[in-house]
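A.B. asks: Below you will find the structure I want to go over with you.
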Amino acid sequence: MELKIKIVSDSSCDISAAANTDISIAPLTISADGRDYIDNESTNIHEMLDNLARYNGRSFSACPNVEMWLNSFGDADIIYCIAMTSGLSGTYNSACAARDLYMQKNPEAKVFVLDTLSTGPEQRLIVEKAKELSVSGLEFEDVCQELENYKNKTRLFFSLASLHNFAQNGRVSKLVASAVGMLSMRIVGTASREGTLEMVSKCRGELKAKSALLELFKEAGYNGGRINLCHVENEKFAQEIKAEILTSYPDADVSVYPAGALCSYYAERGGLLVGIEC
Ligand code: X90
């Protein structure tokens with residue numbers, strides 16, 4: 001009998017499960033003003049951002065619970081589960097609890113849970129890699145090892161115009177949060193080694209943020225690899241960066257796409273997240 005292989009991730013990777021039948025996604029949820037926005041295709045992001053902008057009360061996010069993860073595992077024999085950073089979310093821990101339960105019930109199953117120490121477009125690169133490796137004929141253990149290696153060759157960078165929701169959820173220090181909020185100020189940053197938000201510089205205006213990002217790609221050793229550009233209602237900025245990259249690396253594989261609910265909530269309007277292969 002052929003073994004059933006499944007790639008699963010949480011919704012912060014912004015991959016549509018509808019368009020990828022071999023991938024299952026466990027959703028995070030945003031809550032504000034008595035409403036829940038589940039991070040899947042059904043959420044109207046523009047409306048969510050409008051509602052959040054009008055609402056002065058508190059808003060929250062919640063990670064997928066164990067049951068949601070188990071649902072995404074289905075009845076697969078081999079599962080590669082790519083989770084967002086344990087440094088900012090309970091998503092990874094909840095996936096590990098789901099793995100332990102699943103393996104108690106299915107002792108023959110093989111389940112690998114990866115803590116990406118990142119999220120968004122870097123996580124998407126890793127999910128895309130998992131998809132390739134899972135059909136490559138490699139053994140389970142080798143696929144796991146390859147994914148660990150790949151994670152060390154990818155990076156996350158971003159430019160954000162507000163850290164309001166990060167600060168509100170206690171996921172960034174007040175000092176860092178106070179760096180933005182003033183008109184046209186942006187922070188440019190990266191995922192730290194511990195999988196938390198690390199500010200690299202403050203920039204006045206998008207043009208400066210663009211040069212700062214391109215400089216960071218270079219320093220990270222970017223050399224024409226794959227890039228995912230995920231934006232929050234800021235396609236123009238994403239396209240500008242794409243154009244710069246293609247000028248230096250005409251054959252680079254660069255994807256531009258809008259953020260889902262979770263990334264839109266935290267990266268906020270105008271935000272740009274970039275996952276690169278180094
Ligand atoms: O409720 C939860 O468990 C979810 C908490 C998620 C917090 C962070 C999401 C970030 C999304 C912004 C990227 C910038 C920093 C990433 C550093 C790793 C997008």
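The values are calculated or read from the model by the stated rules, or taken from the named source; none is laboratory data. Since the structure is predicted, the reported quantities are computational estimates derived from the model, not experimental observations. We place every Cβ from the backbone using ideal geometry, glycine too, and count neighbours over all the protein chains shown. What goes into the accessible areas is simple: the full protein's heavy atoms, side chains included, and nothing from ligands, DNA or RNA. Shrake-Rupley method; radii C 1.70, N 1.55, O 1.52, S 1.80 Å.
A.B. asks: At 1.4 Å probe size, with the rest of the protein present, what percent of the exposed accessible area of the chain is carbon and sulfur atoms?
C.D. replies: Values: 6550 of 12970 Å².
The computed percentage sits at 50.
A.B. asks: A further question follows. Subtracting the Cα-Cα distance from 0.36 nm times the residue separation, let me have the gained length for ALA97 to ASN169 in nm, one decimal. Write out the running numbers ahead of the final one.
C.D. replies: Details: separation 72, 0.36 × 72 = 25.92 nm, distance 2.36 nm.
This chain segment gains 23.6 nm when fully extended.
A.B. asks: Percent relative contact order of the chain, based on C-alpha pairs within less than 8 angstrom and at least six residues apart? If you can, show how the numbers build up before the last one.
C.D. replies: On the way: 559 pairs, mean separation 56.1, N = 278.
Computed over the chain, the figure is 20 percent.
A.B. asks: For the chain, treating each Cα as an identical point scatterer without solvent, what Debye log10 I(q)/I(0) comes out at q = 0.10, 0.13, 0.16 1/Å?
C.D. replies: So the normalised log intensities are -0.50, -0.84, -1.26.
A.B. asks: Could you give each residue of segment 161-177 its phi-based ³J(HN,Hα) in whole Hz, using Karplus coefficients 6.51, -1.76, 1.60 with θ = phi - 60°, and x for Gly or Pro?
C.D. replies: Coupling constants for segment 161-177: 9, 8, 10, 3, 6, 4, 5, 4, 9, x, 9, 8, 6, 4, 4, 5, 4 Hz.
A.B. asks: Whole number in Å², please: accessible area per residue of the chain, 1.4 Å probe, ligands, DNA and RNA not counted. Intermediate results must be reported in sequence, preceding the final value.
C.D. replies: Numbers: 12970 Å² over 278 residues.
It amounts to 47 Å² per residue over the chain.
A.B. asks: Of all DSSP beta bridges in segment 1-157, what percent run antiparallel (nearest 5)?
C.D. replies: The antiparallel fraction comes to roughly 35 percent.
A.B. asks: Label point 7 Å out from GLU194 along Cα-to-Cβ: which residues of segment 107-122 have amide N under 18 Å?
C.D. replies: Residues passing the 18 Å test: 115-119.
A.B. asks: How much accessible surface area, in Å² rounded to 10, belongs to the heavy atoms of ILE38 with a 1.4 Å probe?
C.D. replies: Counting only protein heavy atoms, ILE38 exposes about 80 Å² to solvent.
A.B. asks: How about LYS153: which lysines have a C-alpha closer than 29 Å to its C-alpha, ignoring those fewer than 8 places off in the same chain?
C.D. replies: LYS4, LYS6, LYS110, LYS129, LYS131, LYS202, LYS208, LYS210, LYS218, LYS236, LYS242
A.B. asks: Here's something else I'd like to know. Residue by residue through segment 58-63, what is 3J(HN,Hα) from phi via Karplus (6.51 cos²θ - 1.76 cosθ + 1.60, θ = phi - 60°)? Round to whole Hz and write x for glycine and proline.
C.D. replies: Calculated HN-Hα couplings, in order: 7, 10, 9, 10, 9, 7 Hz.
A.B. asks: Which residue, GLN123, GLN168, GLN104, tops the fluctuation ranking in a GNM of the chain built on C-alpha contacts under 10 Å?
C.D. replies: Maximum fluctuation in the GNM of the chain, among the listed residues, is at GLN104.
A.B. asks: What residues have an amide H closer than 5 Å to that of LEU28, excluding those fewer than 5 places away on the same chain, when H is modeled at 1.01 Å from N in the peptide plane?
C.D. replies: SER11, SER12, ASP39
A.B. asks: Something else now. Counting alpha carbon pairs within less than 8 Å and at least 6 residues apart, what relative contact order, in whole percent, applies to segment 46-123?
C.D. replies: Details: 86 pairs, mean separation 26.0, N = 78.
So the answer I get is 33 percent.
A.B. asks: Leaving out ligands, DNA and RNA but keeping every protein chain, what accessible area does LYS6 have, in Å² rounded to the nearest 10, with a 1.4 Å probe?
C.D. replies: Accessible area of LYS6: about 40 Å².
A.B. asks: Out of residues 5 or more away from LYS110 or on other chains, whose amide H comes under 5 Å of its own, with H placed 1.01 Å from N in the peptide plane?
C.D. replies: HN-HN under 5 Å from LYS110: ILE78, ILE79.
A.B. asks: Here's something else I'd like to know. Report the one residue of SER12, ASN44, ASN234 whose Cα lies farthest in the direction of the positive end of the charge dipole of the chain (charges on C-beta: Lys and Arg +1, Asp and Glu -1; origin at the Cα centre).
C.D. replies: Going by the Cα projections, it comes out as ASN234.
A.B. asks: Let me ask something else. What is the dipole size for the chain, taken about its Cα centre, with +1 at each Lys and Arg Cβ and -1 at each Asp and Glu Cβ, in debye to the nearest 20? Mind dumping the intermediate values first?
C.D. replies: Working: 27 positive and 37 negative charges, 228 e Å.
Charge dipole of the chain: 1100 debye, to the nearest 20.
A.B. asks: Do any GluC sites (Glu not before Pro) in segment 160-232 lie in a DSSP loop with no more than 16 other beta carbon atoms within 10 Å, and if so, which? Could the numbers behind the result be given before it?
C.D. replies: On the way: sites: GLU194, GLU198, GLU206, GLU215, GLU219; in loops: GLU194.
Passing both the DSSP loop test and the Cβ count: GLU194.
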